[in-house]
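Novice: This is the structure, below, for whatever I ask next.
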Amino acid sequence: MDKGVATLLAKDCCAEKSIYEQPKMMASYLWSHYSDCWNDPESSSAYNEWAGLLGEISGLSLDAGCSVGRFTFEMGKRSCLSVGVDMSRAFVEKARELCMGGSVKVRLPMEGLLEDEIEVALPDHLCSGRVEFIVGDVTALPFKSGIFNTIASLNVIDKVSLPLAHLKEIDRVAAPKNAQLLFSDPFSWSSQISPPQNWLGGNTGGKFSGYAISNIASLLVGDIPSGIAPWRIENRGSVWWKIRTHRNHFEHIRSLYLKAVRP
């Protein structure tokens, strides 16, 4: 444990070399998660839209791949405890700093070497205190099976080397009854992150040919055998979200979602 942050990894990793440990990436994700909280005119409503897809929350919640924590806080409003897990130590430290202090400062790139320091303040409605953040691997979650009633995986599965392992781990830690899952991703597959044979879609042949959103739905309901206990798909659609590089450069990304339940 360092700076009050628990690191629960099954194996050694090189997280310090990750792009997600860099200050500019931190600024991009803090803006993406919280810019609507200070009414930035360029912000998106993505996190409010995702939160609106969840049903009544009971018990424990897990934000698998929490980044800088916005959705962990969203689930913490209604959970006994909401746990955010991410491989990036920098992201987890910043999320926990925001949790403990209510605000953090960040230097937003503006143009070239120009930066603007702003304060990101957590709105009162997100300050429940029922949240925690840890450094962990979403393909080898450090929890016993069947303990989470609500699980979110937002824009994560195309960022891990073993996408199917991530999906199986989500299923493993989900409660066998009274569970809900919100899964969303743009499926920006990259061979630099994972070889194409590991992707759950985007291929022209093989077990996971075609589009990933359809394959993942089939995995969840059991049409593609994988050992995943059956879920029922309750809703599906898309949410547009944004990420900012500097004041004149944004990415506008469509993330396809599945809302699944296990009554």
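Readers should treat all values here as calculations from the given coordinates under stated rules, not as data from a laboratory. A quick note: this is a predicted structure, and the numbers were derived from the prediction, not measured. All Cβ positions, glycine included, derive from the backbone under ideal geometry; neighbour counts span all protein chains shown.
Novice: Place the peptides 219-225, 241-247, 68-74 in order of packing, highest mean first, counting for every residue the other Cβ atoms within 10 Å and averaging per peptide. Don't jump to the answer; show the numbers that get you there.
Specialist: Working: 219-225: 15.6, 241-247: 17.4, 68-74: 27.9.
Top to bottom by mean Cβ count within 10 Å: 68-74, 241-247, 219-225.
Novice: As a test of the formula, what do you get for the chain when each DSSP H run with n ≥ 4 contributes -39,500 (n - 2.57) and the sum is divided by the residue count, at 222 nm and rounded to the nearest 500 deg cm²/dmol? Let's see the in-between values first.
Specialist: Working: 6 runs with 60 residues, N = 263.
Rounded to the nearest 500, it is -6500 deg cm²/dmol.
Novice: Hey, got the dipole for region 180-255? About the Cα centre, +1 on K and R Cβ, -1 on D and E Cβ, debye to the nearest 20? Write down the numbers at each step before the final one.
Specialist: Working: 7 positive and 4 negative charges, 55 e Å.
Dipole about the Cα centre, nearest 20: 260 debye.
Novice: Report the relative contact order of the chain, percent, no decimals, based on alpha-carbon pairs under 8 angstrom and at least 6 residues apart. It would help to have the intermediate numbers written out before the result.
Specialist: On the way: 551 pairs, mean separation 50.2, N = 263.
After rounding, I find 19 percent.
Novice: Once the Cα gyration tensor of region 111-263 is diagonalised, what are the square roots of 5 times its eigenvalues, in whole Å and ordered largest first, as equivalent ellipsoid semi-axes? All intermediate terms of the calculation are to be shown ahead of the outcome.
Specialist: Details: eigenvalues 165, 101, 43 Å².
Value: 29, 22, 15 Å, ordered largest first.
Novice: If you don't mind, there's one more thing I want to ask. For region 219-263 and region 66-88, what is the centre-to-centre distance using only Cα atoms, to the nearest Å?
Specialist: 17 Å
Novice: Quick check: residue separation of Ile233 and Asp40 times 0.36 nm, minus the Cα distance between them. What number comes out in nm? Don't jump to the answer; show the numbers that get you there.
Specialist: On the way: separation 193, 0.36 × 193 = 69.48 nm, distance 3.42 nm.
Gain on stretching Ile233 to Asp40: 66.1 nm.
Novice: What is the magnitude of the charge dipole of region 18-262 about its Cα centre, with +1 placed on the Cβ of each Lys and Arg, -1 on the Cβ of each Asp and Glu, and no other charges, expressed in debye to the nearest 20? Working shown, then result.
Specialist: On the way: 24 positive and 26 negative charges, 150 e Å.
Dipole about the Cα centre, nearest 20: 720 debye.
Novice: Ranking request for peptides 57-65, 31-39, 195-203: highest mean number of other beta-carbon atoms within 10 Å first, then the rest in descending order.
Specialist: Numbers: 57-65: 22.8, 31-39: 19.3, 195-203: 16.7.
Ranking, from highest mean packing down: 57-65, 31-39, 195-203.
Novice: At a threshold of 8 angstrom on Cα-Cα distance, excluding pairs fewer than six apart, so keeping six or more, what relative contact order does region 76-137 reach in percent?
Specialist: Contact order relative to length: 52 percent.
Novice: Given the C-alpha atoms of the chain, compute the convex hull and give its volume per residue in Å³. Before the final figure, lay out each step's value.
Specialist: Values: hull volume 33.6 nm³, N = 263.
It comes to 128 Å³ per residue, whole-number rounded.
Novice: Continuing with the same structure: Given contacts defined as C-alpha pairs under 8 Å and at least six residues apart, what's the relative contact order of region 17-102, whole-number percent?
Specialist: Details: 99 pairs, mean separation 24.9, N = 86.
Across region 17-102, relative contact order equals 29 percent.
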